[in-house]
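Undergrad: Input: one structure, supplied below.
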Amino acid sequence: MEQLPSPPSTGFKLLALCVSIVLLASALASQIQTSGGKVKVTGISLPTQNGQWVAADLFRPLSATSTSPAPAVIVVPGFQRSKETQANISLELARRGIVVIAIDPYAQGSSSSSLSTRSATEEGYGMFAVVDYLANTHNLNYIDKTRIGVTGHSAGGNAALQAASHFGAEATQTSTPSKIHAAYISGYVLSLKNKILREVRSNLGLSYGLYDEGAFRNERKSADLRQAPEALRFVNSAQPNEPELTSIEIDHDYGDVATRNLRVVHNEPVLHPFQPYSLTATTHQLDYFTKVFALQNTLPGKHQVWFWKEIFSLCALLAAFVAIFPLTRLLLQQIPYFHSLVRPIPPAPPSPTGWARLTFWTLLITGALIACFSYIPLTDLSQKLFVEASGRQQTWFFPQRMNNGVMLWAFTNGLVGLALFSIGHRLQGQSFHFSSLGLDFSISEIIRSLLLALLVFFSFFGLLFVVYTLFHVDYRFLFLGVRLFQPALLLLMLVYAPFFFVFFFSNSLRANRALRFAETPPWRSLLLAGVANSLGLFLILLAQYATFARTGTVRWTEGWLYVNLLFAVVPMMFVMPYFHRYIFLMTGRTLLGPLITVLIFIMILLSNTVCYFPI
């Protein structure tokens, strides 16, 4: 693979094609989200207690009017998730004539942090305030206040149950019906305690994955709910005058909607993170709200279209990433200030043989094993180093609890990668000089590279801002997403990016200087680079779920949320060398690629995680 100077017209055509795909795919995703214009989707922000606020998406079916008010459901995502990750259930409920308010939980997405360190339990992640607003305001005159529902997945499911209990206790004190007519709890059973359930004055539905990885925390260490104490309390609490059940029937209705003591338990065969995207689980939830709200002449639960939005959003996501390459090339070609960044491509070395080949594979496997075995210990260490964020306290000092662990791992393994690169060169008898390796960056080159990287970064997210403004969708596929960021996250980039850059630069150096050979086809060397970069983290997922399949309990229980985070991180690790290689072929240098990727990929990480900003 050689540097081929393409004419500017080719770059413009490819860039225009990518942007066109982004706009077209986003427009189609918006059509699905709005049910072909039958649902209006609007971004809103509600002020709440203590100076806090909740960001939300309002899905209003046009059929909901002051003369024909519709039921409403508040949707809350789980830990590490934003409102966009629940767009599937939101749009499906709205297609059935239900008004939906999908919120960003406190400290996630665009909502503020909370003064409470137990926000899901004490505030429903912001749900309590939204329920009060819906029940008390006269502004939303198209909502039937007697039919307000709540739902959430994982920690959002806990928030839904806590809301049902909170407003049930309030109803008892005021001798009025609970403001919550029905609640649906997905992926969470830990709070199904008698002291919480006895206060509930609402219909309840429960959905829990039969292969939920978090089931080791349950009382019987099992995800099978047929005889689970949590599920038994869930059902028995609503029928105090009936004989207590010792086992329950899955998918069976207990109680009665009219008296608000309906209970139904579902146990779908699915893993925890994929439950919100299960057709079966979604069908159960849609059927539940259709029943409790007594909806007539509506769509059956199995009639779902949300996955088309995911497909169109995926197309936009891929096209936006591909657009980075022609954009970077055009900036290098068309702006004289950046011309000096283009250098001849160093010749690729021959493939290692003999002792050098053994050294190469030994170092590659060593790097993967270090990446694998260091991840969990370093995420544990991050909780001791960054105490405020780990304790859900507001702070400016590394306020992102989950990313702190990933950052510590990336920084450490970036240093390890640089060390292994150096060792490999020396063992193979090659000199380690900055000039021979193309590492003799001048101050001018660093400044120009950084400015170009910033142009690409703001162009990439600028297009996203345009897409969101026009269509109210972002780039995503399931829980992999590129979403809008708050301006404050630009300050956090100054905190996190330097540590991540060590890893990104190490990857660029190894992908272009240690894993690129003259006799090896480019696709094969890139595949090897992608596998080498993601293998360590992939082995963690493999060990976690192989142990789970064999024993019914995951390998790492204390850090299982950090392992779940890898579902989004591993794909990023795999594609990273591709970005670094193609940008290297434009410049002949290893600096510009990691500068561009660290800005874009780290902003994606920062905007999709819990962040305890001071309010």
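Undergrad: What percent antiparallel are the DSSP beta bridges of the stretch 34-277, to the nearest 5?
TA: Details: 15 of 39 bridges.
Just about 40 percent of them are antiparallel.
Undergrad: For Lys179, give me every one of the lysines with a C-alpha distance below 28 angstrom, ignoring sequence neighbours fewer than eight places off in its own chain.
TA: Lys38, Lys40, Lys83, Lys145, Lys193, Lys195, Lys291
Undergrad: Which ordering of His252, His425 is given by a fewest-first count of other beta-carbon atoms within 10 Å?
TA: Values: His252 11, His425 17.
Fewest to most other Cβ atoms nearby, the residues stand as His252, His425.
Undergrad: Kindly give the semi-axes, whole Å and largest first, of the ellipsoid equivalent to the stretch 145-260, taking each as the square root of 5 times a Cα gyration tensor eigenvalue. Please report the intermediate quantities before stating the final value.
TA: Values: eigenvalues 106, 51, 29 Å².
Ellipsoid semi-axes (Å, largest first): 23, 16, 12.
Undergrad: What does the charge count near Asn608 come to, summing +1 for each Lys or Arg and -1 for each Asp or Glu among other residues with Cβ under 10 Å from its Cβ?
TA: Charge balance near Asn608 sits at +2.
Undergrad: Return the ratio Rg/(2.2 N^0.38 Å) for the chain, where Rg is computed over Cα atoms only. Don't skip to the answer; put the middle values down first.
TA: Numbers: Rg = 26.2 Å, N = 615, 2.2 N^0.38 = 25.2 Å.
In units of the 2.2 N^0.38 Å rule of thumb, it is 1.04.
Undergrad: Order of 62-71, 32-41 by packing, highest average Cβ count within 10 Å first?
TA: Numbers: 62-71: 14.9, 32-41: 18.0.
Averaged packing, sorted descending, gives the order 32-41, 62-71.
Undergrad: If you line up the long axis of helix 155-174 against the longest principal axis of the chain, both from Cα atoms, how many degrees apart are they, to the nearest 10?
TA: Relative to the chain, helix 155-174 is tipped by roughly 30 degrees.
Undergrad: If I take all pairs of Cα atoms in the stretch 34-277, what percentage of them are more than 32 Å from each other? Mind dumping the intermediate values first?
TA: On the way: 4748 of 29646 pairs.
Cα-Cα pairs of the stretch 34-277 separated by over 32 Å account for 16 percent.
Undergrad: What does the highest-first list of 366-379, 407-420 look like by mean Cβ count within 10 Å?
TA: Details: 366-379: 18.6, 407-420: 20.4.
Ranking the peptides 366-379, 407-420 by packing returns 407-420, 366-379.
Undergrad: So how do Thr151, Thr48 line up by other beta-carbon neighbours within 10 Å, fewest first?
TA: Thr48, Thr151
Undergrad: With a Förster radius of 56 Å, plug the Cβ-Cβ distance of Arg220 and Arg343 into 1/(1 + (r/R0)^6) and report the FRET value to the nearest 0.05. Mind showing how you got there, number by number?
TA: On the way: r = 64 Å, r/R0 = 1.13.
Once the sixth-power term is evaluated, E becomes 0.30.
Undergrad: What is the Cα radius of gyration of the stretch 396-530 over 2.2 N^0.38 Å, N being its residue count?
TA: Details: Rg = 18.4 Å, N = 135, 2.2 N^0.38 = 14.2 Å.
For the stretch 396-530, the normalised Cα radius of gyration comes out at 1.30.
Undergrad: Once fully extended, how much extra length lies between Ala543 and Ala294, figured as 0.36 nm per residue of separation less the alpha-carbon to alpha-carbon distance?
TA: Details: separation 249, 0.36 × 249 = 89.64 nm, distance 4.62 nm.
Contour length minus Cα-Cα distance gives 85.0 nm.
Undergrad: Give me the net charge of Leu418's neighbourhood, meaning all other residues with Cβ under 14 Å from the Cβ of Leu418; Lys, Arg count +1, Asp, Glu -1.
TA: On the way: positive: Arg426, Arg510, Arg513; negative: none.
After counting each charged neighbour, the total is +3.
Undergrad: Another question, then. What does DSSP give for the chain in terms of the percent of beta bridges that are antiparallel, rounded to the nearest 5? List each step's numbers first, then the result.
TA: On the way: 18 of 42 bridges.
Approximately 45 percent, going by the DSSP bridge assignments.
Undergrad: Cα axis of helix 306-322 to longest principal axis of the chain: angle in degrees, 0 to 90, nearest 10?
TA: 20
Undergrad: Evaluate the relative contact order of the chain (contact order divided by residue number), counting alpha-carbon pairs under 8 angstrom at least 6 apart; express in whole percent. Before the final figure, lay out each step's value.
TA: Numbers: 1117 pairs, mean separation 98.1, N = 615.
Taking the mean separation of contacting Cα pairs over the length of the chain, I get 16 percent.
Undergrad: For Leu494 and Glu122, compute 0.36 nm times the residue count separating them, minus their Cα-Cα distance, and round to one decimal in nm.
TA: Separation in residues times 0.36 nm, less the Cα-Cα distance, equals 130.6 nm.
Undergrad: Oh, and also: Between the helical axis of 279-292 and the dominant principal axis of the chain, each derived from Cα atoms, what acute angle in degrees is found, rounded to the nearest 10?
TA: The answer is roughly 30 degrees.
Undergrad: Continuing with the same structure: So, counting K/R as plus one and D/E as minus one, what does the shell of residues with Cβ under 14 Å around Arg147 add up to? Provide the component values of the computation, followed by the final result.
TA: Working: positive: Arg96, Lys145, Lys179, Arg260, Lys291; negative: Asp144.
With Lys, Arg at +1 and Asp, Glu at -1, the net is +4.
Undergrad: If R₀ is 35 angstrom, what is the calculated FRET efficiency for the pair Thr67 and Ser175, using the beta carbon separation as r and rounding to 0.05?
TA: 0.70
Undergrad: How do the peptides 77-89, 125-137, 191-203 rank, highest first, by the average count of neighbouring beta carbon atoms within 10 Å per residue? Show your work: numbers first, answer last.
TA: On the way: 77-89: 25.2, 125-137: 21.2, 191-203: 19.6.
Ranked from most to least packed, the peptides come out as 77-89, 125-137, 191-203.
No value in this document is a laboratory result; all are computed from the given coordinates. Keep in mind that this is a model prediction, so the values were computed, not measured. Cβ atoms come from the backbone with ideal geometry, glycine included; neighbour counts cover every protein chain shown.
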